[in-house]
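Input: a single structure, listed below in structure tokens.
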Amino acid sequence: QVQLVESGGRLVLPGGSLRLSCAASGSIFSMYTMGWYRQAPGKQRELVLSISSGGGTNVADSVKGRFTISRDNAKRTVYLQMNSLKPEDTAVYYCNAKYGAANYWGQGTQVTVPD
């Protein structure tokens, strides 16, 4: 069992930056593929970025060049660095951990970028 706790979400002005953190419990964090997803009101949850145990990343086109993902296996934490934020980035951001058939979600953290 893995528990994920996100933090860092808040209101930020357009063009600003924000870093989200996701702290994970469990002893095999380094083996998980970690991801950040987001869900805007009335829309489906979508992948933003993911990072595999080997460090490979998968990036949504909408955030390329603006968002990056990183992980600190010693701290069992994954980060989402968001730069040049836009109103369309407004959403609840969820942390995700996958390993084999295991799939875990955090409770989400709200990011709001006003028009």
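Some observations on this one:
- Of the residues making up the range 62-82, not a single one is in a loop (DSSP other than H, G, I, E, B) and in contact with a Leu (Cβ under 6 Å, 6 or more places away or on another chain).
- Selection of the range 87-110 for residues being open to solvent by 20 Å² or more (accessible area, probe 1.4 Å) and touching a Gly at 6+ places or on another chain (Cβ under 6 Å) yields Val92, Tyr94, Gln110.
- Close Cβ contacts (under 8 Å, 6 or more residues apart or on different chains) running from residues in the range 52-79 that are within 19 Å of Gly108 (Cα to Cα) to residues that are in a helix (DSSP H, G or I) comprise Val63/Asp89; Arg76/Phe29.
- In the range 58-76, of all residues being closer than 15 Å to Met31 by Cβ and crowded, with 19+ Cβ neighbours inside 10 Å, the one that is farthest from the chain's Cα centre (by Cα) corresponds to Arg76.
- Within the range 2-38, if we keep just the residues that are in contact (Cβ under 8 Å) with a residue 60 or more places away in the chain and of a type in the set (S, T, N, Q), the residue that is most open to solvent (accessible area, probe 1.4 Å) turns out to be Gln3.
- Test: residue in the range 40-57 that is closer than 20 Å to Val2 by Cα, open to solvent by 40 Å² or more (accessible area, probe 1.4 Å) and of a type in the set (A, V, I, L, M, F, W, C): yes
The values are calculated or read from the model by the stated rules, or taken from the named source; none is laboratory data. A quick note: this is a predicted structure, and the numbers were derived from the prediction, not measured. Positions of Cβ are backbone-derived with ideal geometry, glycine not excepted, and every protein chain shown enters the neighbour counts. Quick note on the areas: whole protein, heavy atoms, side chains included, nothing else; ligands and nucleic acids left out. Shrake-Rupley method; radii C 1.70, N 1.55, O 1.52, S 1.80 Å.
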